[in-house]
1. Under unit Cβ charges (Lys, Arg +1; Asp, Glu -1), what dipole magnitude, rounded to 20 debye, does the protein assembly as shown have relative to its Cα centre?
2. Of the options A:Asn43, B:Ala133, A:Leu113, report the single residue whose Cα projects farthest towards the positive end of the charge dipole of the protein assembly as shown (beta-carbon charges: Lys, Arg +1; Asp, Glu -1).
3. More than 27 Å apart: what percent of Cα pairs in chain A qualify?
4. For A:Phe107, B:Phe195, B:Phe121, which order do you get if you count the other beta carbons within 10 Å of each Cβ and list the fewest first?
5. Provide a whole-number value for the mean count of partner chain Cβ atoms within 10 Å of the Cβ atoms in peptide A:10-20.
6. Summarise the partner chain shielding of B:127-137 as one whole number: the mean count of Cβ atoms from other chains within 10 Å of each residue's Cβ.
7. Calculate the FRET efficiency for A:Ile120 and B:Leu53 from the Cβ-Cβ distance with a Förster distance of 30 Å, rounded to the nearest 0.05.
8. How far is the Cα center of segment A:85-112 from the Cα center of segment B:76-151, in Å?
Amino acid sequence: MAKTILAVDDSASIRQMVAFTLKGAGYEVIQAVDGEDALEKANKHTVNLVLTDINMPRMDGLKLLELLRKLSNYKTVPILMLTTESGDDIKAKGRAAGATGWLVKPFDPKRLLEVIAKVIG
Amino acid sequence: MTEMQSSNNKIDNQCTGEVLSEDLEGVDGALCNVEADEYFLNIKGELNQVDRLVSDAVNNLVINFRYISKLTQTHHEMVTTIERMAIPDGNKPILELLDKQMEIAEKIEQELEMAITSLQFGDLVTQLLAHTAHQVEMLNMELQRIDREDNWRNGKAALHTIHEGISKAVNIAKTRSKRKPVVQQGMQMGDVELF
């Protein structure tokens with residue numbers, strides 16, 4: 001059975017590029033436009049991995065990460081941050097909030113798939 | 001002359017030499033303030049225009065990308081089907097031609113993968129534009145605040161006081177600006193780190 005990935009980004013083009021890459025590798029992809037949308041979808045579906053941007057309207061990726069980690073069924077689900085941000089301070093915040101890894105945009109499709117395969121097997 | 005240049009000239013005429021050496025009181029001061037506001041609004045408008053153009057271009061490129069990708073997939077399936085049909089007859093020239101077709105299809109797929117990285121430029125540009133617009137807005141707000149201060153309005157400000165005021169405004173605008181969200185200088189793949 002295909003694993004499901006929740007892809008969160010306010011940029012439609014990034015969502016499409018992520019979905020194209022992941023679907024091509026056989027994953028099911030659920031898309032969300034910001035943290036609030038993602039939280040709603042995370043509660044409705046069984047998700048094997050969350051891939052989220054940080055700078056988004058309404059709810060950013062760090063807040064989403066923090067709220068997801070409070071949910072019992074998302075305590076161990078890998079959460080990867082996919083962002084333009086690469087500062088050490090913000091990375092440290094992400095790490096402290098429970099992020100599994102940090103990918104700086106632009107992403108390379110092959111590398112993204114390698115990282116995902118590594119964290120969800 | 002562009003709208004932005006025209007606006008620049010108006011501000012030059014009203015806010016530099018003449019006004020500073022003669023009178024900062026009353027109507028001239030108010031006009032300068034309005035012109036500055038218009039100038040900053042103009043910059044924001046142009047940044048929005050760039051954002052719309054980039055978004056439009058990215059949308060079109062993504063549509064093209066998906067279409068080419070779909071065509072490549074269909075082509076791949078056709079080649080596989082023809083190959084299956086040709087194998088029983090052992091038609092060597094056709095099989096060789098199909099091998100070449102497969103090579104081309106694989107190269108197109110590789111190019112499409114590379115395009116995925118490049119097509120992310122729209123997101124980076126949009127974030128940088130939003131950041132710049134925010135900085136411009138902060139600077140405008142601070143300059144407007146200084147303009148409202150009493151000594152400025154009463155025409156008592158000497159040139160150095162005005163310079164100090166502008167310098168202060170820039171510094172405050174800098175501290176109120178959010179951190180720059182994009183530091184990338186090119187479209188090479190970003191770093192990956194697993195915690």
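FYI, it's all coordinate maths here, none of it is from the lab. Just so it is clear, the model here is predicted, and its values are computed rather than measured. Glycine gets a Cβ as well: all are built from the backbone with ideal geometry, and neighbour counts include every protein chain shown.
1. It works out to roughly 1540 debye.
2. Most positive-ward Cα: A:Asn43.
3. Details: 434 of 7260 pairs.
In whole percent, the share of Cα-Cα pairs in chain A beyond 27 Å is 6.
4. B:Phe195, B:Phe121, A:Phe107
5. Working: counts 3, 8, 6, 12, 7, 1, 8, 10, 2, 0, 8.
Going residue by residue through A:10-20 and averaging, the value is 6.
6. Details: counts 8, 1, 0, 1, 1, 0, 0, 0, 0, 0, 0.
Average neighbour count from other chains, rounded to a whole number: 1.
7. Working: r = 39 Å, r/R0 = 1.28.
Rounded to the nearest 0.05, the efficiency is 0.20.
8. 21
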